[in-house]
Amino acid sequence: MADRSMPLRELRRTVSRFGGWEDPSRGKGSHTMFFRIHNAGKYSYPIPTHEKDVKKRYVVGLRQRLFLTSADGVSDESFYDG
């Protein structure tokens with residue numbers, strides 16, 4: 001399965017399954033911030049919230065920044081189908 005856009009609600013559930021969380025107070029304007037602790041480091045990634053679905057490029061960036069890619073041991077199937 002290839003990367004794809006997804007609704008913000010689904011992204012919230014998916015990130016939380018892997019130990020991440022959202023802090024909407026940390027975003028600026030129409031953005032929210034997602035966090036995840038990995039190897040004793042705290043990583044963050046901003047996501048725009050002004051559209052119904054989060055665009056594919058932001059989902060890809062979030063997966064890379066929060067170490068949720070296939071190279072990090074999280075397959076596309078487990079990320080998207082959970």
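Any read-out appearing in this document is the output of simple, stated calculations on the displayed coordinates, not a laboratory observation. On a predicted model such as this, the values are computed, not experimentally measured, just so you know. In this analysis, Cβ positions are derived from the backbone assuming ideal geometry, glycine residues included, and neighbour counts consider all displayed protein chains.
Some observations on this one:
- Residues whose placed amide H lies under 5 Å from that of His31, excluding near-sequence neighbours: Thr49
- Sequence-ordered 3J(HN,Hα) estimates for region 4-10 from the Karplus curve with 6.51, -1.76 and 1.60 and θ = phi - 60° stand at 8, 6, 7, x, 4, 4, 5 Hz, glycine and proline given as x.
- Three-way shape call for region 6-81 based on the alpha-carbon gyration tensor, with the a/c threshold at 1.5: oblate
- Across region 33-39, coupling constants 3J(HN,Hα) worked out from phi with the 6.51/-1.76/1.60 Karplus curve, θ = phi - 60°, read 10, 9, 10, 7, 8, 9, 6 Hz, and Gly and Pro carry x.
- Trypsin sites (Lys or Arg not before Pro) within region 1-76, DSSP loop, no more than 10 other Cβ atoms inside 10 Å: Lys28, Lys52
- Helical contribution to [θ] at 222 nm, DSSP H n ≥ 4, -39,500 (n - 2.57), averaged over the chain, rounded to 500: -9000 deg cm²/dmol
- Entry note, region 12-54: relative contact order of 28 percent, from Cα contacts under 8 Å with a spacing of 6+ residues.
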